[in-house]
Amino acid sequence: MSRGFITVQVLFGLLLVTLLGGLILFLPVTQQKVRPPSEQAVKWLERYHGLLERLNTDLRLARQVQVQADSLEVTDAGGEPVLYRFQSGSFERQVRNQPAYVFMSGLKSGSFFRGQLLPNLISVLLVPDDTQAPPFFTSFSLRGGSQ
Amino acid sequence: MATLMAQHALEKAIAFNQARQGALPPMTEEEPLVQAPDSPRQVSWYFNDLAGFLPGIEETDQPELYWAMKPFTCEVKNYFIDQRLYKIIAYVSYDEGGRKNRLFLERLVSGNNAEALASGVETP
């Protein structure tokens with residue numbers, strides 16, 4: 001039995017076409033909202049990744065730590081001291097008697113903090129000169145080389 | 001940035017666990033990392049005592065860090081695994097293009113009051 005001009009199949013067909021059209025129009029709108037990070041920001045993040053890995057390894061193995069406002073000296077179980085230092089806009093890592101490796105330059109400030117409530121927590125804050133670049137801030141627990 | 005924040009929260013939980021001889025670190029709900037003047041929400045315990053500022057940082061203390069941290073929230077949960085073993089998970093959430101993203105880092109640690117966790121008691 002059929003009644004009127006539009007059959008059920010045509011109605012569903014129109015509905016499907018409308019939904020697909022809406023989806024095609026909607027997707028680019030939502031994708032435009034997510035902007036990829038700038039090339040400069042990606043460069044900073046790559047440097048941060050390397051630094052995070054290095055600090056994680058050194059501080060996990062640390063037996064002794066000396067924290068100053070702009071430097072951090074870490075000594076592992078073998079007595080090998082590693083010095084992290086902020087100096088003249090650069091952040092360096094130096095193992096005893098070896099030339100310092102510059103992790104990054106173009107920094108406005110670099111600071112180390114020991115937790116006031118948890119002295120076994122060491123935090124590192126690096127602020128780039130470039131105001132568009134994100135700062136580096138994270139912390140590391142001292143485990144006495146156990147984990 | 002979210003990874004760095006999650007690392008901070010997780011490491012603070014581990015530091016707490018070690019400093020208190022295996023005590024469970026506090027479980028927290030989703031809370032901001034910095035205090036917003038227009039919001040009554042309290043700052044996550046994991047972001048107090050930050051960069052030399054005991055109550056957490058304010059805009060005037062470290063403006064670059066304050067604005068970098070402002071979009072994020074943090075939640076930390078402990079999950080009982082075995083008699084003396086539990087898992088800490090630090091979640092960091094942020095909005096990007098109208099979508100909520102959530103990143104987490106987890107670590108297994110041993111604890112001496114895992115029974116309290118198993119019975120649903122949260123460490124203050």
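The values are calculated or read from the model by the stated rules, or taken from the named source; none is laboratory data. It should be emphasised that the depicted structure is a prediction, and the values quoted were computed from it without experimental measurement. FYI the Cβ positions are ideal-geometry reconstructions off the backbone, even for glycines, and counts take in every protein chain you see. Quick note on the areas: whole protein, heavy atoms, side chains included, nothing else; ligands and nucleic acids left out. Shrake-Rupley method; radii C 1.70, N 1.55, O 1.52, S 1.80 Å.
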Inset, instruction - Quickly run through region A:62-105 and pick out the residues that are touching a Pro at 6+ places or on another chain (Cβ under 9 Å), of a type outside the set (A, V, I, L, M) and open to solvent by less than 30 Å² (accessible area, probe 1.4 Å). - result: A:75
Legend entry - Subset of region B:1-34 [farther than 22 Å from residue B:104 by Cα and among the polar types (S, T, N, Q)]: B:21
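Check region B:54-70 and report whether any residue there is among the basic types (Lys, Arg) and more than 11 Å from chain A (Cβ to nearest Cβ).
The answer is yes, given that some residue of region B:54-70 is among the basic types (Lys, Arg) and more than 11 Å from chain A (Cβ to nearest Cβ).
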Legend entry - Residues of region A:90-108 classified as of a type in the set (A, V, I, L, M) and in contact (Cβ under 8 Å) with a residue 24 or more places away in the chain, total: 1
Legend entry - Single unsatisfied condition, residue B:17 versus (1) open to solvent by less than 40 Å² (accessible area, probe 1.4 Å); (2) more than 26 Å from residue A:48 (Cα to Cα); (3) more than 9 Å from chain A (Cβ to nearest Cβ): (3)
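Which one of these is over 21 Å from residue A:91 (Cβ atoms), modelled with pLDDT of 80 or more and among the β-branched types (Val, Ile, Thr): A:10, A:29, A:67?
A:10
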Legend entry - Boolean, residue A:91 is under 23 Å from the mean Cα position of the chain (by Cα), within 24 Å of residue A:132 (Cβ to Cβ) and modelled with pLDDT of 80 or more: yes
Inset, instruction - Working only within region A:114-132, note down all residues that are touching a residue at least 24 places away in the same chain (Cβ under 8 Å), open to solvent by 10 Å² or more (accessible area, probe 1.4 Å) and more than 20 Å from residue B:25 (Cβ to Cβ). - result: A:129, A:130, A:132
Inset, instruction - Report, ordered by the first and then the second residue, all pairs with beta carbons closer than 9 Å, sequence separation of six or more or different chains, a first member in region B:74-99 that is free of Cβ contacts under 8 Å to residues at least 24 places away in the same chain, and a second member that is in a loop (DSSP other than H, G, I, E, B) and open to solvent by 30 Å² or more (accessible area, probe 1.4 Å). - result: B:96/A:34; B:96/A:35; B:96/B:71; B:97/A:34; B:97/A:35; B:98/A:34; B:99/A:34
Legend entry - Residue count, region B:53-70 (criterion: buried (at least 17 other Cβ atoms within 10 Å of the Cβ) and outside any helix (DSSP H, G or I)): 3
Inset, instruction - Could you pull out every one of the strands (runs of 3 or more DSSP E) wholly within region A:33-147 that has 2 or more residues that are within 14 Å of another protein chain (Cβ to nearest Cβ) and not hydroxyl-bearing (Ser, Thr, Tyr)? - result: A:62-67, A:107-114, A:121-128, A:136-141
